[in-house]
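See below for the structure under consideration.
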Amino acid sequence: MIKNGYIDDANNRIKKSYRSVFLLILIISFSIFTAVLIGFDQTRPSNYNFLWMLPLTFSLICFPLVSYTRILFHRISVFLVFSLYFIRMVISPLSMFWGNYGSYGYGYFVDTYSGMAIILMSYEAVMVFAFIIINSKKLKNNNILPIQTKNSTKVKRTKLPFLFKLALGSLLAYIVMLVVSNPSLIRSNFVFLIGTPNSWVLKQEYASINGSGSGTLGILVTLMNTVFWLLQALLPPVILLKIAQKKSSFYHKFVLSLILLSLVLLIATETRASSVESAIALIIVMSLVFGQKFSKKIPLMMLIIGVVVVVGLFSKSSVGFNFEDLSKTLTAYFSGPQNVAISIGVAKEYSELNLFMLPVDIALKIPYLSSFFKSIFSYSSNDYFNTVFANLYGRNIGQIIPAIGQGYVYFGFILSPIIPCLAVAIAMKFEKKARSEANIVFKYIFYLAAIMMSRATIISNMLSGIGYMFNIFLAYVVASLTMKYITVRKMKNQEVLLIK
């Protein structure tokens, strides 16, 4: 005899499946609508004649994904990759249609190679999602630990290991001492994600050595940014654990958790994306700690984070809220056709940009050693890429060569999707480890890693991924050496948080 509980769970899964399919159908319809709008636009510039291919290709990709909604909307790495490609291939072209096809890239390379760039981007998306489908079996069999029940979470009160508290205290003390010695570091390095005045520009003497900084202060600031990132990777899950241990109502714990989430999201260094990534990872861990009551609020919280990110992008870019500026912002941050076209043009213009550039690029992106290798290797592929923008604008505007452009430089057209597929593979691997990890701190770190590497497909690239991997490795080492197991373990009809 089947119990009602099992029937209810089966019905809920069916309802969720129907909702996922319906959402995917809406996305397909919207993508086709966008392709039609752009395709029949008589004012479209000649270099964007094939722009309609991007939303149309995305709609075609979505059709086979109907059979994979379980991983598409329930695996953060796949969902983020899907969302990023949706913005790049549908929302960004639509903003270009509304914004008079404005972008930060123009000139000979854009005029000559935009058509080829759009075809390359379409090919990339097909290969990336084919790779995800091929590897979907591994994700389907990877159940999350713990499995949430409908009962409320019961928390066992515990104490953090002394070494772990000592490590966190030392990291905090370093930042405090450095800021006390030079208070202007607060103004130059610790900013809010949104609402930052234009006068708060990172000063040259406070730039990290991974960027354009040098000298003793540059080294100290670089160390401070690394320390701050370690705090972002270690402190939030520990504070969340303490909140969960409080003997108070769910509402009180929920409010405290929202305050923690706000602090994680809004306080950032010059690398603001890490705060957004930390906030998303924290939401996932919060859903595991607080269960069904909290999980129902996740869509709303993700929407709020999305709004904050959009506002932050406009704030950072110092542009107004209009369709032309929206077009420029989205195509810049989500590797639009003009950035891919310039990547292709640069690869064709400079004969030294080939597979032999790969070890040079890696050496120039190794944290703390990049300034040493800079004296040996003058330029990276990203430097060549930015030379074009510097010639256009008379200054370096800090663009990042797209992952697919990076692949084109190293491997040519056919093999260029290797780079974004590599980023997806690493992201999926980290999420698999996160789902099977019982330790709440390591679970948070692995989810954070999965989110960071998912971003490397569109918003950054695998060169930035080297820095991400370095930071994740540091966080893992510090956590491994200073703490015992903080676990979230299922016990019959309740979950218990504990440190073994």
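The values are calculated or read from the model by the stated rules, or taken from the named source; none is laboratory data. What you see is a predicted model; the values in this text were computed from it and never measured. Neighbour counts run over all protein chains shown; Cβ positions are idealised from the backbone, glycine included. Each accessible area value is taken on the protein alone, full model and side chains, heavy atoms only, with ligands, DNA and RNA left out. Shrake-Rupley method; radii C 1.70, N 1.55, O 1.52, S 1.80 Å.
The distance between label points at GLN292 and ILE134 comes to 4.1 nm (points 7 Å beyond Cα on the Cα→Cβ vector).
Note on ILE259 and ASN100: the extension gain reaches 53.2 nm, defined as 0.36 nm multiplied by sequence separation minus the Cα-Cα distance.
When the residues PHE389, PHE356 are ordered by accessible surface, computed with a 1.4 Å probe over the protein chains alone, the sequence from largest down reads PHE356, PHE389. In this structure MET116 has an accessible area near 60 Å², from a 1.4 Å probe over the protein heavy atoms. Using the Cβ-Cβ distance between HIS74 and PHE40 with R0 = 60 Å, the FRET efficiency computed as 1/(1 + (r/R0)^6) comes to roughly 0.95. Measuring r between the beta carbons of PHE372 and LEU60 and using R0 = 51 Å, the FRET efficiency lands at 0.60. The three principal axes of the Cα atoms in segment 27-93 give end-to-end lengths of 40, 18, 13 Å, sorted in falling order. When the pairs LYS165/LYS253; LYS297/LYS443; LYS293/LYS429; LYS242/LYS293 are compared against a 27 Å limit on Cα-Cα distance, LYS293/LYS429 fall above it.
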